[in-house]
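Single-structure report; data block below.
The values are calculated or read from the model by the stated rules, or taken from the named source; none is laboratory data. Because the structure is a prediction, the values reported are computed rather than measured. Please note: Cβ atoms are built from the backbone with ideal geometry, for glycine as well, and neighbour counts cover all protein chains shown. Side chains are part of the model used for accessible areas, which takes the heavy atoms of the whole protein and leaves out ligands, DNA and RNA. Shrake-Rupley method; radii C 1.70, N 1.55, O 1.52, S 1.80 Å.
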Amino acid sequence: MNSIELHGVNKYFGDHHAVRDLSFKVPEGTVYGFLGPNGAGKTSTIRMIMSILYPDSGDLTVLGDSMPERVKDRLGYLPEEKGLYKKMKTRDLITYFGTLKGMSRREATKRARLLLDQFGLLDCEDLHCEGLSKGMGQKVQIIATLIHDPDLVILDEPFSGLDPINVELVREIILDLRSKGKTVVFSTHIMEQAEQICDSILLVNEGRKILDGSVTDLKREFEPTLLLEYDGDPDSLHQPGVVRVNNMGRSAELSLASGTDPQRTLKSLMDAVTLHSFTVKEPSLHEIFVRSVGGSTS
Amino acid sequence: MNRMFLIAQREYLENVRTKGFWIGILMMPLVLIMIALVPILVESTRSTQQYAVIDESGETLQAVDRAILRRDFGYLITNFAKGQEDHLPPFLATHFPELRALPDDLIENVIDIIFEGKVADDSYSKRLRHFFDLESVNIRKWWQNLTAEDKARFSRRMSTNDYVRISEENLDILNQMIRDGELFAYFVIGPNPVESNQGARYVSNNLTDRDLETWFRNQINLYVRDRKLTLSNIDDETAAWINEAFSFEGVKLDEDGSEEQVDETDIARQWAPVAFVYFLWVSILINTQMLITNTIEEKSNKLIEVLLSSVSPITLMGGKIVGIAATGLTLVFAWLLMALSFFVGLPLLIGIELPIDLSMVLADPSFLLSFLMYFLLGYLLYAALLVGLGSMCNNLKEAQNLILPVQLIQMVPILLMVPIGRDPNGTLAQTLSYIPPLTPFVMMNRAAGPPTTIEYVVTTLLLVISIVAAFWLAAKIFRVGILMTGKPPGFIEIAKLLRTPVVSQTPLR
């Protein structure tokens, strides 16, 4: 069973072809990452899933329904640009969003208090939203997204602008949702975050799908990379068989042309620089992205 | 529908909790009090103007002064109010109630008896005649010696409240006083004002305020006319007949053709719609403004996307419009209640009678009902037009530019308020009734006419059709505009947008 299925979806904004022939499936109960640089079409895709926008062509099925409007009440959405009604009390605001999702007022209030308690915000329930700190405001926004216990939670760039403590908090929430059997989709342009928590990913660039699938499968498909710590001239890292160097100063990630023997590369590297460590490793998502985009544009 | 109600409810509760709402409600009594008080304040802050007279004829000033003294004494009798008895001398106080009870023509006579030494005839009771014999001279002396301030206690209408004559007659001194601003003006009466204007002059440094000049000229005119009548050997009776002014009696015809006397309530009824139009205009303006501000605030609060993940754009727009309509109705009802209690309740409470009976006007269903109906219809039309445009803007400044054309249309009814009120069934009024954005105001303006039933039906139908059309357009714009960021589009781009089918609509940038 898939929570989201897209088949050949296209979206134009005037002359701009924002989403091009996009197809993918989000398996139920997984954490799914939308990856890609800014302007890749991630938000437009999410808005189509939320039926805020409509595709110009293609099929879109959300929670088994080909008319996504009908399942809006089972979706939770946290947009990248988010705000609060400043003059409303925290509890009332969360309750209001609950009732907009079809909950009764009593039920929504009860759950609002429960969630506020879980997030350590019960003391603030009577506070007006304008009196909340930035971090508290973000928690309230997340609570408002989860108030109706949605089956599918969509978070657009949930980590952007968060301090490390809140990044950790959001990550815990995502993993907690998965453990309860919910599906979580989130978009990000930071590969490391996705790599840590996603079961599957979709890589998009310029509106087009680059690749999709489970993180484990994807890493297996790609040639391994070499991770090394070294001293010496970075230019000397470009040995035969090395197609790309991701230099980080005293360490580097080297990708090899297919069929290249890592042992032979090691040998030639030892002559060129002083090596402190050498590991053959699965490629990072960043590496996979760079390889795929490079391959697709050339 | 249920969610639209939720949005409307939240909108309403948030609005009525704002300071602005309560300031808006309290504005009404303030405005009413100001309408009542400002003329009084203006009147009372106006300082008494001092003037002097150089009378070359030797007798005119004396006669005019006496006439002014008499007339002011007349105000004493006719405008005397309870509680002022203490200011009267004892010899007058005892008989004053009797004097006041006399009919108008006899009062005129009393003044003659007191000031001209006429003999009281049988028209008066024995008691009064005896009183006149004893006290006429005393009363005259008392009145002549009273200061302007003392006289002002009895009535605001006393001429001495406005104009006080000083006795200086030296031309050089007077000129100096005018230059120094100590004197408002002086008059020179020529050697023979009955014969000609020769030598008559009005000297003042203020040539805009001509009230004193007009007033004093009238006094002289009365004297000159009297003298001319006397010189022509015309007896008093004939003189009175000649002086009698001509007047028309105002009559209007009822629907069945019977004649009806026109009184002040009718005139108030005729002009009441103008007040209602103004009220309607203010109410609609305030509420549509609230709607725009609100929409833009919500947009800048970045809540739109969250809301749209739960409800459709149309539900959101509908909820906002309904919520603000409820806010507006609350405001309007509060205002009406206050106006009612101000014009009907308050006079009853403190026991005074208003010069015109406004309760009739307020209780007339053709005013109140059409006011409420036109408020709702007018609001809906403008709300739809403005919320569509407003949804595309990110701040109020952008919105102001975009909604300018709509606001220009909104100005028309205010400019035409008086001409339409004057001729409620004229060609202008009839024609404008069929232009939907103007219909609510113009039809309200014509309520006293009143328009025919056919006109009511057709114009309302047109208005309702326009409202539906405006909502359809607004919905198309709103669902895209509300997600728009950056500069709002021009009118050509909006037109392009309106031609695109809803499903493939997208933000313009």
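Numbers at a glance
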{"item": "Tilt relative to chain A, helix A:105-118 - C-alpha long axis, 0 to 90 degrees, to 10", "result": "40 degrees"}
{"item": "Accessible surface of region A:2-213, 1.4 Å probe, proportion on carbon and sulfur as whole %", "result": "47 percent"}
{"item": "Protein accessible surface hidden between A and B, which excludes ligands and nucleic acids, total in Å², probe 1.4 Å", "result": "2600 Å²"}
{"item": "Peptide A:12-19 - average C-beta neighbours from other chains (10 Å radius)", "result": "2"}
{"item": "Carbon plus sulfur fraction of accessible area for chain B, probe 1.4 Å, in percent", "result": "61 percent"}
{"item": "Accessible area per residue in Å² at 1.4 Å probe, computed on region A:76-233", "result": "44 Å²"}
{"item": "Probe 1.4 Å, protein heavy atoms only - accessible area per residue of chain B in square angstrom", "result": "53 Å²"}
{"item": "Distance violations [Cα-Cα > 25 Å] among A:Lys139/B:Lys299; A:Lys86/B:Lys496; A:Lys72/A:Lys134; A:Lys134/A:Lys180; A:Lys89/B:Lys19; A:Lys11/B:Lys397", "result": "A:Lys86/B:Lys496; A:Lys72/A:Lys134; A:Lys134/A:Lys180; A:Lys11/B:Lys397"}
{"item": "Helix-only mean residue ellipticity at 222 nm for chain A, each DSSP H run of n ≥ 4 adding -39500 (n - 2.57), per residue, nearest 500", "result": "-10000 deg cm²/dmol"}
{"item": "Efficiency of FRET from Cβ geometry, B:Asn401 and B:Leu461, R₀ 30 Å, rounded to 0.05", "result": "0.35"}
{"item": "Estimated 222 nm signal from helices in chain B, with DSSP H stretches of n ≥ 4 weighted -39500 (n - 2.57), rounded to 500", "result": "-21000 deg cm²/dmol"}
{"item": "Rounded tilt (10° steps) of A:262-272 against the dominant C-alpha axis of chain A", "result": "70 degrees"}
{"item": "Partner chain coverage, peptide A:77-88 - average Cβ within 10 angstrom", "result": "5"}
{"item": "Within-12-Å neighbourhood charge of A:Ile174 [Cβ basis; K, R +1; D, E -1]", "result": "0"}
{"item": "Net +/- balance of residues flanking A:Ala272 in space, Cβ distance below 12 Å, scoring K and R +1, D and E -1", "result": "-3"}
{"item": "Carbon plus sulfur fraction of accessible area for region A:223-281, probe 1.4 Å, in percent", "result": "49 percent"}
{"item": "Between 0 and 90°, nearest 10: helix B:104-116 axis offset from chain B longest Cα axis", "result": "40 degrees"}
{"item": "Most fluctuating residue given options A:Ala257, A:Ala144, A:Ala18, as computed from a GNM of chain A linking Cα atoms under 10 Å", "result": "A:Ala257"}
{"item": "Cross-link reach list, lysines versus B:Lys141, counting only Cα pairs under 18 Å and skipping chain neighbours closer than eight places", "result": "B:Lys118, B:Lys151"}
